[in-house]
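Down below is the structure, laid out as structure tokens.
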Amino acid sequence: VALATPFWANSRSTPTPPNPITHSTQVQPSVLRIRLAHNPPMAREIAWYDLALVPTMAQWNGLDSAYAFLRDQFGVVLTEAEQSIEAVLSQAEESTAFGFSGPSPCLLLKRRTMSASGTLAEYVEGTFRGDAYAYRLTLSA
């Protein structure tokens, strides 16, 4: 399920996107997604897009790949991302989405995704259930 609506607030569960996106002359939609895995909700994500790059992002159906939509509709190729992972307790919105009775351990992933031109195209904050999510990496030298 994905909704594309303007969404601004100042708390961890309803974050504000970084300066390059908020200071654009365009109003940015956010996309709120609840990601499922065989029905139980696994993640609650909020993403913002720069409307100077993707003026009709709100028309994305939320079911297909956002990155394919950016590439196919606007020619925006994403080349790199910086992501952080933090341990947090779920906020009220996340607890409701996950069916928790109160604050529970979660992982908060924050991602800044850059286009090939070096422009910040996407900012995402996703909260993932701590009771059912594992984050694995392969590191090589």
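The values are calculated or read from the model by the stated rules, or taken from the named source; none is laboratory data. This structure is a prediction, so every number in the text was calculated from the model and none was measured. Glycine also receives a Cβ, built like all others from the backbone with ideal geometry; neighbour counts cover every protein chain displayed. Note: areas computed on protein heavy atoms with side chains; ligands, DNA, RNA excluded. Shrake-Rupley method; radii C 1.70, N 1.55, O 1.52, S 1.80 Å.
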Meets criteria (at pLDDT below 90 and open to solvent by 30 Å² or more (accessible area, probe 1.4 Å)) for Thr138
no
Met114 passes all but one of (1) in a loop (DSSP other than H, G, I, E, B); (2) hydrophobic (A, V, I, L, M, F, W, C); (3) touching an Asp or Glu at 6+ places or on another chain (Cβ under 6 Å); which number fails?
(1)
For the range 85-110, how many residues meet the condition of being open to solvent by 50 Å² or more (accessible area, probe 1.4 Å) and either of a type in the set (S, T, N, Q) or assigned to a strand (DSSP E or B) (or both)?
9
Given the conditions (1) under 26 Å from Met57 (Cβ atoms); (2) modelled with pLDDT of 95 or more, and given that Ser104 satisfies all but one, which numbered condition is not satisfied?
(1)
Between residues in the range 66-94 that are more than 26 Å from Arg129 (Cα to Cα) and among the hydroxyl-bearing types (Ser, Thr, Tyr) and residues that are assigned to a strand (DSSP E or B) and open to solvent by 40 Å² or more (accessible area, probe 1.4 Å), which pairs lie under 7 Å by C-beta distance while being six or more apart or on different chains?
Thr79/Met114
